[in-house]
Amino acid sequence: MRDLYFFGDSITYGAWDEQGGWVQRIRSSADQAFVAGRAEDTLVYNQGISGDTTIDLLARMEGEMTARFDADREAVIVFAIGINDAHYMNDEKRNFIELPEFEANIGKLVGIARKYTQKIAFVGLNPVDENKVNPLPWRPAKSYRNERVKLFNSIIEKVASESNLFFVDIWKNWIQINYRSFLFDGLHPNASGHRRIAEKVNQFLNTGEVFSAAPDKKDAS
């Protein structure tokens with residue numbers, strides 16, 4: 001028996017995929033496998049909240065885990081957070097958060113997660129279509145730029161590597177192809193994008209040795 005906890009933002013929540021997003025796709029796959037007798041009982045907790053940053057997640061993570069954690073079950077925590085931290089505040093002409101603080105926040109999240117499990121992974125950030133999100137049409141005070149998103153993605157990868165945690169590299173996979181076709185509005189993945197993320201994360205969750213104690217565990221593709 002195991003519990004999968006997914007912490008993140010609107011992309012983690014599933015916007016805008018008619019099948020509920022990449023976390024829901026993982027849950028559906030786990031449910032199908034269990035019902036068919038091919039896998040163990042797996043509970044999936046989608047704790048993605050639209051607009052969340054690392055600051056928001058730090059404020060709520062302990063409470064979320066306390067309410068759901070079962071010490072008798074295997075726990076896996078997957079973080080998919082950071083793209084909202086990377087935005088530029090047009091009205092104030094400044095970055096929302098600077099890189100050292102962001103890196104510290106990612107480290108704090110790892111510290112909280114390790115109170116509950118050693119099986120922790122990070123899903124990296126996806127590139128954006130700057131023509132559609134610089135600025136955001138629905139929130140003109142915000143802008144997203146790939147140069148900065150890439151920096152934040154690198155910080156997540158760095159912390160994951162230093163902490164010997166898995167890092168699912170969405171950026172490297174998408175940037176080599178026509179990633180704009182995987183985006184619904186320039187920021188959030190569409191159904192095809194969510195499907196691709198689910199497939200990448202499932203590769204890790206369904207591999208028995210993924211969360212072993214072996215060093216340097218991270219995605220190389």
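The values are calculated or read from the model by the stated rules, or taken from the named source; none is laboratory data. Keep in mind it's a predicted model, so treat the numbers as computed, not measured. So basically every Cβ, Gly included, is an ideal-geometry build from the backbone, and we count neighbours across all protein chains shown.
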Find all pairs meeting these conditions: Cβ atoms under 8 angstrom apart; at least six residues apart or on different chains; first residue within region 1-29 and in contact (Cβ under 8 Å) with a residue 12 or more places away in the chain; second residue hydroxyl-bearing (Ser, Thr, Tyr) and assigned to a helix (DSSP H, G or I). Phe6/Thr12; Gln19/Ser28; Gly21/Thr12; Gly21/Tyr13; Trp22/Thr12; Val23/Thr12; Val23/Tyr13
Evaluate region 130-151: report whether one residue or more is free of Cβ contacts under 8 Å to residues at least 12 places away in the same chain and not in a loop (DSSP other than H, G, I, E, B). yes
Index of the failed condition, Gly186 passing every other in (1) under 29 Å from Met89 (Cα atoms); (2) small (Gly, Ala, Ser); (3) not in a loop (DSSP other than H, G, I, E, B): (3)
Against the conditions (1) in a loop (DSSP other than H, G, I, E, B); (2) within 25 Å of Ser143 (Cα to Cα); (3) touching a strand residue (DSSP E or B) at 6+ places or on another chain (Cβ under 8 Å), where does Asp85 fall short? Just the number, please. (3)
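Given Ala59, Ala30, Ala67, which one is assigned to a helix (DSSP H, G or I), within 20 Å of the chain's Cα centre (by Cα) and loosely packed, with under 14 Cβ neighbours inside 10 Å? Working first, answer last.
Working: Ala30 fails: loosely packed, with under 14 Cβ neighbours inside 10 Å; Ala67 fails: within 20 Å of the chain's Cα centre (by Cα).
The match here is Ala59.
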Being modelled with pLDDT of 95 or more, touching a Lys or Arg at 6+ places or on another chain (Cβ under 8 Å) and over 26 Å from Ile112 (Cβ atoms) narrows Gly193, Gly186 down to just Gly186
Conditions: (1) crowded, with 23+ Cβ neighbours inside 10 Å; (2) of a type in the set (D, E, K, R); (3) under 19 Å from Thr207 (Cα atoms). Glu40 meets all but one. Number of the miss? (1)
Note on Arg25: of the conditions (1) touching a Lys or Arg at 6+ places or on another chain (Cβ under 8 Å); (2) over 25 Å from His188 (Cβ atoms); (3) assigned to a helix (DSSP H, G or I), unmet is (2)
